[in-house]
Amino acid sequence: MASVGKLSASKITTYKGCGLAYFLKYVQHEKTPANVRSVFGKDIHYMLDRFYSVNYQSPESFAKYWKYYWTSNVAGNFLKGKNKEELIVKEFKLKDDFILRIGNHIEFGEDPVGIFFGYMKLGENILKKFYVRHKNLPPPIAKEKSFGNKKDEPFKINGHLIRGVFDRIDKTDKGYYITDYKTDKKSPEKDSFVLHRHPQFTIYSYAFRKLYGEEEQAILYYHLRSGKVFKTHRSEKDFDYIKKLLDEVSEGISRSRFVPFYGFHCNFCDYRVVCERYAIPHRGGPRIDLEGKIKGAKEFTEWDIDPPEWMNLQSEDREE
Ligand code: SF4
């Protein structure tokens with residue numbers, strides 16, 4: 001039996017996306033380099049939080065701090081303890097004797113230098129635009145406000161412990177607005193299907209109403225790349241849905257149902273290398289053995305039959 005602990009929107013998304021990925025990440029705590037996209041997203045959130053605590057004098061000075069922060073984080077300068085000890089840094093000598101240092105704590109793919117500068121430029125654009133728009137506007141009434149994190153202040157939905165963070169909450173004469181910053185490429189402009197259904201916003205809405213005792217005017221999806229803001233709402237029907245979803249996820253985790261979901265999404269999974277280690281060496285079939293909990297490979301013995309020569313199979317045999 002696995003402990004469910006505190007659920008969150010990202011835990012739910014991971015579990016529903018692939019049970020094994022959840023198991024590797026949240027139960028086994030397997031270590032894997034962080035995806036550069038999510039590191040970038042977190043760093044931009046940090047910068048937007050900092051925007052309201054430091055009085056930057058110009059968009060340029062704000063962007064200058066970003067460049068320092070991004071370069072330092074990528075080099076692993078902020079790591080501590082065991083993470084620092086395990087850090088391996090690769091150096092790239094660039095123009096004007098500049099040495100770019102990239103640590104193995106972040107997965108940069110095949111073109112680390114290009115990706116590093118691509119994200120640095122993107123961050124600069126996002127932050128300068130944010131500065132110009134918000135410098136003379138009132139600050140939010142709350143920023144990076146977490147709920148359900150503290151032991152003595154648990155937060156529950158339908159009996160399930162939940163934690164989350166509001167990126168910002170603003171109050172105008174019309175009421176409260178919950179805003180979530182997004183650094184994603186795609187925006188809900190052409191397709192708002194997910195925007196109006198995503199459990200993350202349903203949890204925010206539910207939590208806000210419980211914590212503030214009022215209904216929010218709207219939940220805002222702030223697409224930072226374009227600066228566009230998209231509005232969504234939640235109702236009691238959405239809350240019925242989130243309760244059912246939480247029941248299902250919670251039951252699955254507590255019963256240790258961590259069945260892998262193989263598919264093309266595995267190509268983007270941070271746990272793919274680790275995932276391989278949990279497999280039984282076998283030709284074809286699922287090759288799964290979660291310490292004897294999930295089996296299946298042996299049922300596929302017919303795959304062991306050598307194929308006729310004319311098939312001229314292109315895929316490589318797996319190791320025995
Ligand atoms: S590689 Fe695929 S099956 Fe393995 S953990 Fe990731 S998503 Fe799940």
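The helices (runs of 4 or more DSSP H) falling completely within the range 1-104 that include 2 or more residues that are within 16 Å of the ligand (Cβ to nearest atom) and farther than 21 Å from ASN149 by Cβ map to 9-17, 19-22.
Taking the range 250-268 as the range and being more than 16 Å from the ligand (Cβ to nearest atom) and in contact with a strand residue (DSSP E or B) (Cβ under 9 Å, 6 or more places away or on another chain) as the test, only SER250 passes. In the range 269-279, of all residues being charged (D, E, K, R) and either near the ligand (Cβ under 6 Å from one of its atoms) or assigned to a loop (DSSP other than H, G, I, E, B) (or both), the one that is farthest from the chain's Cα centre (by Cα) corresponds to ARG272. Count of the range 69-83 residues, restricted to those that are at pLDDT 95 or above and farther than 16 Å from VAL113 by Cα, is 6. Taken over the range 12-36, the residue count meeting the criterion of being in contact with a Lys or Arg (Cβ under 9 Å, 6 or more places away or on another chain) and either surrounded by fewer than 16 Cβ atoms within 10 Å (Cβ to Cβ) or polar (S, T, N, Q) (or both) is 3.
The values are calculated or read from the model by the stated rules, or taken from the named source; none is laboratory data. Treat the numbers as computed from the prediction; the structure is a model and nothing was measured. Glycine gets a Cβ as well: all are built from the backbone with ideal geometry, and neighbour counts include every protein chain shown.
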